[in-house]
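**Q** Input: one structure, supplied below.
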Amino acid sequence: MRFTRPGLFVLACLLAALASPAVARGDAVTDWNRYASTAIVTNAAQPPPVSALSFAMVQGAVYDAVNAIDQLKHRPYLVAPQANPWDSKEAATAAAAFNVLAGLFPAQAPSLQLTYDAYLASLPDEPVGSKEAGKNVGEATATAMLAAREHDGRFGPAPDLPPVAPGVWRPTPPSFALDPAPWIGNVKPFLVPDVEMLRTDGPNPLASAAYAADFNEIKTLGSLNSTTRTADQTDAAIFWQVHAHALFNGVFRTLAASHGLDIVESARMFAMTDLAAADAAIGCWNDKYYWSFWRPITAIREADTDGNPATEADPTWTPLFDPAPPVATLPKLVTPPFPDHPSGHLCATGAFVHALQNFFGTDKIAFSVFSSKSGTTRSFDRLSQALKEIIDARVWAGIHFRTADVQGAVLGMKVAHWEKLHYFQPLD
């Protein structure tokens, strides 16, 4: 039942609903983000850049649903279905997230349906009909999202690789694996009008002093048996190899709770971060295959071919991320199976950090985060501290030249800046 006529009865119902502690849950967005993370990362096992697209679809639909019921205080992302301010934002959140997830993962639909039904059953229906009305709003935004992303280039063909030559990426030892999702860079962006606007400056020329500086830094600090990398740097390198999108969405849930965000604010924060990260992934993979630059393990072992007198080949050089480490406590990690430049982790982190800065209006946001890779917790006083550490950590891991990290972070920042100018603005 939907109330559309103004009157004392409607006003009384609205005030009663707003005053009810049971209705003012404020945690539906984080609840369904957690369910989404399980469906996307744990059950579907989507790698980070693919998961970025799925998280964006879920959180974009959730935002539009909650924003519609909030009477369009902020610009919609895709649509603004008709809604009343007393419609259940919690039911709308659940419906938006569930329907996007069921559309993305049909095999998981039965188990997701059980979770969804139980969640809706736990919600109050005050005023009567508000739960069904909220559900309708969420279904509408989910339908719009799934339609908007149909035929968007996901799971398309892989880009062509250039012939093998000095500086050109090729699969790396010991597994010589191929990119599980090379098509990411050809997906239609969520925010920016053209992925070309995210093009980076590119890797340093092989004969340059800048390239030699990057080369010699990672050769020393990123080696498996480095004598200059500290224990804390080793921990940081391993720490940040966890699934970035699962990790950061967990950080967002923590920030929503620690900063007392209501359901409307939470919906906007998750949409801003995950949509920015999706375009960062698309731009990053497009850039990776545009430059197709070799990884450090190849560059160091074949340095006698790079034409740079300031680099020296080591045919046996192995990065910290090696699947057979001499220290039994180290996890089995490898060089990721796609080109070096730019860093995918830093593209995502740059988008996440700058979107959070835009949402909170400050960099001074403290947080702690646990990594299942290292089994340790790391704490930061500012968002930018985490970004800086991850730039360093990929060098310490032996898997990225510093330039790839820095330019990846800049790419993510570009997306967040475009988002700030064109999306999620307050409406008068």
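The values are calculated or read from the model by the stated rules, or taken from the named source; none is laboratory data. This one's a predicted model, so the numbers in the text were calculated from it and none came from an experiment. Please note: Cβ atoms are built from the backbone with ideal geometry, for glycine as well, and neighbour counts cover all protein chains shown. Accessible surface areas use protein heavy atoms only, side chains included; no ligands, DNA or RNA. Shrake-Rupley method; radii C 1.70, N 1.55, O 1.52, S 1.80 Å.
**Q** What does the accessible area of residue 272 come to, in Å² to the nearest 10, when a probe of 1.4 Å is used?
**A** Residue 272 has an accessible surface of roughly 20 Å² with all protein chains in place.
**Q** Just to be sure I understand: with springs between alpha-carbon atoms less than 10 Å apart, which residue in 394, 170, 378 has the highest mean-square fluctuation in the Gaussian network model of the chain?
**A** Result: 378 has the largest fluctuation of those listed.
**Q** Stretch residue 379-residue 362 to full length: gain in nm at 0.36 nm per residue minus the Cα-Cα span? Can you show the working numbers first?
**A** Details: separation 17, 0.36 × 17 = 6.12 nm, distance 1.74 nm.
The residue 379-residue 362 span can extend by a further 4.4 nm.
**Q** In addition: So, in nm, how far is label residue 257 from label residue 316 when the simple model puts each one 7 Å beyond its Cα toward the Cβ?
**A** My value for the distance between the label points is 5.0 nm.
**Q** Which of the listed residues, 101, 113, 195, is farthest toward the dipole's positive end in the chain, when Lys, Arg count +1 and Asp, Glu count -1 at the beta-carbon?
**A** Going by the Cα projections, it comes out as 113.
**Q** Which one, 267, 147, 44, has the greatest fluctuation when you compute a Gaussian network model over the chain with C-alpha springs under 10 angstrom?
**A** 147
**Q** So, one more: Taking the range 124-189, which chymotrypsin sites (Phe, Trp or Tyr not before Pro) meet the DSSP loop condition and have no more than 16 other C-beta atoms within 10 Å? Walk me through the numbers on the way to the answer.
**A** Values: sites: 155, 169, 176, 183; in loops: 155, 169, 176.
Qualifying residues, ordered by number: 155, 176.
**Q** Let me ask another. Once you list every other residue whose beta carbon is under 12 Å from the beta carbon of residue 382, what net charge do they have if Lys and Arg are +1 and Asp and Glu are -1?
**A** Value of the local net charge: -1.
**Q** Still on this structure: What shape does the range 241-323 have by the C-alpha gyration tensor, where a ≥ b ≥ c are the square roots of the eigenvalues, rounded means a/c under 1.5, and otherwise prolate means a/b greater than b/c and oblate the rest? The partial results should precede the final answer.
**A** Values: a/c = 4.67, a/b = 2.55, b/c = 1.83.
It is prolate, given that a/c is not under 1.5 and a/b is the larger ratio.
**Q** Compute the separation of the alpha-carbon centres of the range 327-394 and the range 115-182 and state it in Å as a whole number.
**A** Taking the Cα centre of each part, the range 327-394 and the range 115-182 sit 22 Å apart.
**Q** Under 10 Å, Cα contacts only: if you run a Gaussian network model on the chain, which one of 62, 195, 29 comes out with the highest mean-square fluctuation?
**A** The residue with the greatest mean-square fluctuation here is 195.
**Q** Give me the Kirkwood hydrodynamic radius of the range 341-387 in Å, from all C-alpha pairs, to one decimal place? Could the numbers behind the result be given before it?
**A** On the way: mean 1/r = 0.0866 Å⁻¹.
It works out to 11.5 Å.
**Q** Can you give me the convex hull volume of the Cα atoms of the range 152-235, divided per residue and expressed in Å³?
**A** Numbers: hull volume 15.2 nm³, N = 84.
Cα convex hull per residue, to the nearest whole number: 181 Å³.
**Q** So, one more: Just to be sure I understand the model, the point goes 7 Å from the Cα along the line to the Cβ. What's the resulting residue 158 to residue 170 distance in nm?
**A** Here the answer is 1.5 nm between the modelled labels.
**Q** On a 1.4 Å probe surface of the protein chains, which of 388, 373 comes out largest in accessible area, and what is the full order?
**A** Details: 388 130, 373 80 Å².
I get 388, 373, largest accessible area first.
**Q** What is the sum of charges, Lys and Arg at +1 and Asp and Glu at -1, for the other residues whose Cβ falls under 11 Å from the Cβ of residue 52? Each step should come with its number before you reach the end.
**A** Working: positive: none; negative: 274, 279.
Here the count lands on -2.
**Q** Computed over the Cα atoms of the range 208-259, what is the ratio Rg over Rh, Rh following Kirkwood? Mind showing how you got there, number by number?
**A** Values: Rg = 16.4 Å, Rh = 13.6 Å.
Taking Rh as the inverse mean 1/r over Cα pairs, Rg/Rh reads 1.20.
**Q** Once both labels are modelled 7 Å past Cα along the beta-carbon direction, what's the residue 43-residue 425 spacing in nm?
**A** For residue 43 paired with residue 425, the spin-label model returns 3.9 nm.
**Q** On alpha-carbon atoms, Rg over Rh for the range 258-301 using Kirkwood Rh?
**A** On the way: Rg = 17.8 Å, Rh = 13.3 Å.
Radius of gyration over Kirkwood radius for the range 258-301 works out to 1.33.
**Q** Does the range 291-382 come out rounded, prolate or oblate by the C-alpha gyration tensor, with a ≥ b ≥ c the root eigenvalues, rounded set by a/c under 1.5 and, if not, prolate when a/b is larger than b/c and oblate if not? Present the calculation step by step, with values, prior to reporting the outcome.
**A** Values: a/c = 2.99, a/b = 1.59, b/c = 1.89.
Oblate is the answer for the range 291-382, as a/c is 1.5 or above yet b/c matches or exceeds a/b.
**Q** Do the sum for the chain: with -39,500 (n - 2.57) for every DSSP H run of n ≥ 4, divided by all residues, what is the mean residue ellipticity at 222 nm, to the nearest 500 deg cm²/dmol? Show your work: numbers first, answer last.
**A** Details: 14 runs with 217 residues, N = 428.
Counting only the DSSP helices, I get -16500 deg cm²/dmol.
**Q** Okay, next question. Please report, in debye to the nearest 20, how large the charge dipole of the chain is about its Cα centre when each Lys and Arg carries +1 at its beta carbon and each Asp and Glu carries -1 there.
**A** Working: 31 positive and 41 negative charges, 91 e Å.
The dipole of the chain has a size of about 440 debye.
**Q** Related question: Compute the signed sum of charges (Lys and Arg +1, Asp and Glu -1) over the other residues within less than 13 Å, Cβ to Cβ, of residue 215. Let's see the in-between values first.
**A** Values: positive: 219, 295, 301, 402; negative: 214, 217, 302, 304, 306, 312, 314, 340.
With Lys, Arg at +1 and Asp, Glu at -1, the neighbours total -4.
**Q** Ok, one more. Sorting 417, 422, 243 by accessible area (1.4 Å probe), largest first, what list results?
**A** 417, 422, 243
**Q** Express the carbon and sulfur contribution to the solvent-accessible surface of the chain as a percent, rounded to the nearest whole number, probe 1.4 angstrom.
**A** On the way: 9960 of 17030 Å².
Within the chain, the accessible surface is 58 percent carbon and sulfur.
**Q** Please count, across the chain, the pairs of lysine residues with Cα atoms under 15 Å apart that sit 8 or more places apart or on different chains.
**A** 5
**Q** Which one, (i) 1.03; (ii) 1.42; (iii) 0.95, gives Rg/Rh (Cα atoms, Kirkwood Rh) as derived from the coordinates shown?
**A** (i)
**Q** Please calculate how many Å² of accessible area the range 90-134 carries per residue, with a 1.4 Å probe and no DNA, RNA or ligand atoms counted.
**A** 36 Å²
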